[in-house]
Amino acid sequence: MDFGAPVFVSEVDLVWQNACAANYDIDISTDAANWTMMKTVVGNTVGDAIPPTMAWSSPQVLKYQGLSGRGRYVRINGTARCLAMYGYSLWEMRALGDTDATCAP
């Protein structure tokens, strides 16, 4: 995810397809080359074959709140798959925070 300029990120929400990541990191970067881990997730099993038609409050949405990162880019770095025969597939991803990269949590 490229914000086009540095921002402050305090939350990342994910909606995985069935080809979800069981283990993954949520990373942030200022240059898309050097990454800082904001959150490590281990043991995820939430994924859905049906495209989402729900609000962001659905149980299908994984919300990672209380993050604290500053950068222009956010990525999901998968380290283990839910289904070995597939790669990783997200239906949707969103990041929340502030356009003022100097703000504090």
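The values are calculated or read from the model by the stated rules, or taken from the named source; none is laboratory data. Keep in mind that this is a model prediction, so the values were computed, not measured. Note: ideal-geometry Cβ built from the backbone for every residue, glycine included; neighbour counts use all protein chains shown.
Tabulated values for the structure
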{"item": "Selection status of L96, out of contact with any Leu (no Cβ under 6 Å at 6 or more places or on another chain), crowded, with 17+ Cβ neighbours inside 10 Å, part of a strand (DSSP E or B) and of a type in the set (A, V, I, L, M)", "result": "no"}
{"item": "Cross-chain or 6+ apart pairs with Cβ under 6 Å, the stretch 1-12 first and within 8 Å of Y73 (Cα to Cα) and without any contact (Cβ under 8 Å) to a residue 24 or more places away in the chain, then small (G, A, S) and not in a strand (DSSP E or B)", "result": "none"}
{"item": "All positions within the stretch 15-58 that are at pLDDT 95 or above and either among the hydroxyl-bearing types (S, T, Y) or at positive phi (or both)", "result": "Y24, S29, T30, A32, T36, T40, G43"}
{"item": "Flag if V46 is part of a strand (DSSP E or B) and closer than 16 Å to Y24 by Cα", "result": "no"}
{"item": "Leading residue by the ranking (surrounded by the most Cβ atoms within 10 Å (Cβ to Cβ)) among those in the stretch 29-57 that are more than 30 Å from A101 (Cβ to Cβ) and of a type in the set (G, A, S)", "result": "G47"}
{"item": "Qualifying positions in the stretch 56-103 - touching a strand residue (DSSP E or B) at 6+ places or on another chain (Cβ under 7 Å), in contact (Cβ under 8 Å) with a residue 60 or more places away in the chain and aromatic (F, W, Y)", "result": "Y73, Y88, W91"}
